[in-house]
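One structure below.
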Amino acid sequence: MQKRPKTILHDDDSVSGPPSESMSASLRRTERREWWLWFASIVVTLVLTLGVLSFIVPELAEHKGSISWMSFPQAVRGLVAVVLLFDLYTIYQQWQIHRIRRELFQREELFRLISDSATDMIAVVDMEGRRIYNSRSYQTVLGYSAEELRASSSLDQIHPDDRERVKQAAEESRATGVGQTLEYRIRHKNGTWRVLESTASVIRDAKGAPEKFVIVNRDITERKSAQEALRLADADFKSVVEDAPYGIYRANGDGQLFRVNPALQMMLRYESSAELLKANLQLDVFKLPVEFHTLMDLFNHAEDFKEAEAEWKCKDGTPITV
């Protein structure tokens, strides 16, 4: 029976692999050892065969005087033939193993090149959350060394408030065989919390049962911080606009309104902001359309324009000066 070649990913580099040079050196050492072992097995079989023949040849020479290949008993000829065939098959088998191992090594090198060059963190964990592989980006993003990752569970660094949600998602993926995408916080080595966007895929065994997870994590801390800052800034701006005692609006050059505040709505005596947004600034608000164009010219051409007066009209036609 032909032996299946083992993968190059050893126990001591399962979390974060060594550089390509050391992997190549390890592969060459393994191949040299195996070639020596196979060569030794061939030599042993040949020596044993010669040992058997050394007992048979003197007897044949004594009885028959001269020795030829056909003078050997059929069983002896069969034994020699089997030994030679075994040696040829051994060489062929070792060559096949060598070729398959080289293909596996090239594939693993490609995987390592992709995972180590990716800014996203790539991990493989079993169904209990134990780490099997972590890309080098874990050290870049989170600061943990390969040894520190190897000595901990994948759940250890997750924020306590998010841990149960992550466990529940893992349970659902285990039951359904379908990975999920979720966000959670994870502790950096310096003690700060980073926000990750995680996408999991399920690896199944030969029977189709979920066996492992491939997880791609993306650090979105800066993006979340920017979103929160934008939300707060927008809330502050909205508060200033909505609570202002004077009318504020945003419109385009044709007089179409996009945003108005409550003070402007009350000033123009409309029932709601939605109703006011249906009005046109040039046609429905300015008393004289020419004043609207004069104002637009000031916006577009005056370098130190700060303020101007205009005649407006309310919804009921009452004129006001603004």
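Just so you know, all these numbers are worked out from the coordinates, no wet-lab data involved. Quick caveat, the model's predicted, so the values are computed rather than measured. Here the Cβ is made from the backbone with ideal geometry for all residues, glycine too, and neighbour counts use every protein chain on show.
Brief remarks follow.
- Ratio Rg/Rh [Cα only; Rh per Kirkwood] for segment 145-292: 1.31
- The mean sequence separation of alpha-carbon pairs under 8 Å and at least six residues apart, normalised by the residue count of segment 133-197, gives a relative contact order of 32 percent.
- Per-residue packing, averaged as other Cβ atoms within 10 Å, sorts the ranges 210-218, 230-238 into the order 210-218, 230-238, beginning with the highest.
- Kirkwood Rh in Å, taken over all unlike Cα pairs in segment 191-243: 14.5
- log10 of Debye I(q)/I(0), alpha-carbon scatterers only, for segment 152-196 at 0.34 Å⁻¹: -1.22
- Dimensionless Rg over Rh [segment 121-225; C-alpha; Kirkwood]: 0.96
- Over the C-alpha trace of segment 89-183, radius of gyration and Dmax come out as 17.9, 61 angstrom.
- Entry note, segment 200-322: relative contact order of 14 percent, from Cα contacts under 8 Å with a spacing of 6+ residues.
- Note on segment 244-321: semi-axes of the ellipsoid equivalent to its C-alpha gyration tensor, largest first and rounded to whole Å, are 20, 13, 12.
- Spin-label model, Arg174/Ser225: points 7 Å from Cα along the beta carbon direction are separated by 3.5 nm.
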